[in-house]
């Protein structure tokens, strides 16, 4: 592999590992606000117990998210110097706003959230929980805006020519509200809420299977199911609107999602399959004729722009985009089924009775993580060969001075360090889960 591909692999590994953690903190932030809000309203100590336990989990995840996110900032300069120069004015504004208005807000109130239980008034602590959650969401806002500008650039002009060309902001609000920003932001946040909800659902189901912390687990699982079910349906809706935006602004990516080759013909929707790019067809698959056209236009006979409308060197690698996209969709449908079936069981007052369902809930924590990762892969690979759509190709963004051996060495070192961090994270998370919540509440069924 050449330096370009190695650098892309390095950045993909670092960002994929980092992206394990922020979605969970964003989703957990919402659940913490709900739990502590319930405690403030009812004064029921079980909600206080729940909040204190999940705050510890939140703190661990937040620490790993910060540590793994710093590396990417350096890679912009070491591996992607030409890209950094081109987008510096745009990204500088968005990332500065993220640091000032989001990270400082989140980290500023984090100390109160983690250590202020017996040092501040309950209302003050609740406000700090809200501020931390708000800061986590606001951080996602600016990161997604910056990334969305790469997908659908707006509010800029190009200064200079050739190797010295760079984008400068001429309309800050047009940059923020670029055509794909709000739809993609909604899609990302829904994925984050799912990640937090299914983490809580998994641990709660684990306790119920072990017959430990019963009342704690039932209350936590109820909240998780409600949040997870709402987020899953909103995720489906946001994905639909994102596809409509894609057809207008990134039609080649949308065509790759469905391996749709004809220039302007009605498009089917594939449930699964394997793309043969040479033959321009999907093998071993199942498709619903005209469904993609219907979803986009409300008409199964409406034409959809296909890959043959673009030169071969401006098409993304179709099969990997097709597989990652459909993997995301399949997992998303599964999460809808798990969460809404759980709500049905709650309504029937049987959600905690079926061991097979509880076991499914335990492993469901992997679902949002996999779907979030696959979604990012399909979005970023689907933008290829551009790193900034229609403005800068990925091959043009690489640093001229970085060598192949340097990238290989750093890639190996990052891999080793990240494996160690992952092992530490799993160990510490397991320790906290095995220990369980503090025994500040008498469990239901064991009252004096």
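Readers should treat all values here as calculations from the given coordinates under stated rules, not as data from a laboratory. All figures in this text were calculated on a predicted structure; none of them were measured in a lab. Neighbour counts are summed over all protein chains in view; Cβ atoms, including those assigned to glycine, are modelled from backbone coordinates with ideal geometry.
Got a sec? How would 348, 383 order by Cβ neighbour count within 10 Å, fewest to most? Don't skip to the end; give the middle numbers.
Working: 348 9, 383 22.
So the residues, fewest neighbours to most, are 348, 383.
Could you give the angle, 0 to 90 degrees to the nearest 10, between helix 3-18's Cα long axis and the longest principal axis of the Cα atoms of the chain? Taking the Cα atoms of the chain, the angle to 3-18 is about 20 degrees. Panel order for 401, 242, by other beta carbons found within 10 Å of each beta carbon, from fewest to most: 401, 242. Relative to one another, the C-alpha centroids of region 205-265 and region 6-85 are positioned 19 Å apart.
Between the labelled values [x] 1.04; [y] 0.98; [z] 0.94, the entry that holds Cα Rg over 2.2 N^0.38 Å as derived from this structure is [x]. The gain in end-to-end length when the residue 210 to residue 111 segment is fully stretched comes to 32.4 nm, 0.36 nm per residue minus the alpha carbon separation.
In degrees, nearest 10, range 0 to 90: what is the angle between the Cα axis of helix 181-210 and the longest Cα principal axis of the chain? The angle comes out near 40 degrees.
In percent, what relative contact order does the chain have, based on Cα pairs under 8 Å that are 6 or more apart in sequence? Dividing the mean separation by the residue count of the chain yields 20 percent. Remark: the residue 408-residue 435 segment gains 5.7 nm on full extension, using 0.36 nm per residue and subtracting the alpha carbon distance. Under 20 Å from a label point set 7 Å out along the Cα-to-Cβ vector of residue 393, the amide N atoms of region 1-40 belong to 1-9. Computed from label points 7 Å out along Cα-Cβ, the spacing between residue 301 and residue 56 is 6.5 nm.
Look at the Cα gyration tensor of region 230-348: its axes a ≥ b ≥ c give a/c of at least 1.5 with a/b over b/c, and that counts as prolate. Comparing 258, 36, 168 in a Gaussian network model of the chain, where Cα atoms under 10 Å apart are tied by springs, the biggest mean-square fluctuation is seen for 168.
Among 271, 292, 358, a tally of other beta-carbon atoms within 10 Å of each Cβ gives an order, fewest to most, of 271, 358, 292. The mean sequence distance of close C-alpha pairs (under 8 Å, at least 6 residues apart), as a share of the length of region 1-66, puts its relative contact order at 40 percent. Starting from the Cα of residue 236, step 7 Å toward the Cβ, then list every residue of region 242-280 with an amide N under 18 Å from that point. Counting backbone N atoms under 18 Å from the label point, the list is 242-244, 269-272. The length gained on full extension between residue 401 and residue 288, counted as 0.36 nm times the residue separation minus their Cα-Cα distance, comes to 35.7 nm. Modelled spin labels at residue 265 and residue 345, positioned 7 Å past Cα toward Cβ, are 4.6 nm from each other.
When the chain is treated as a Gaussian network with alpha carbon springs shorter than 10 Å, the biggest mean-square fluctuation among 142, 347, 193 belongs to 347. For the chain, the longest principal axis of the C-alpha atoms and the axis of helix 81-97 are separated by about 40°. Entry note, region 1-113: relative contact order of 29 percent, from Cα contacts under 8 Å with a spacing of 6+ residues.
Prolate is the label for region 37-142, because the ratio a/c of its alpha-carbon gyration tensor axes (a ≥ b ≥ c) is 1.5 or higher and a/b is greater than b/c.
Using a simple spin-label model with pseudo-atoms 7 Å out from Cα toward Cβ, residue 419 and residue 78 lie 1.9 nm apart.
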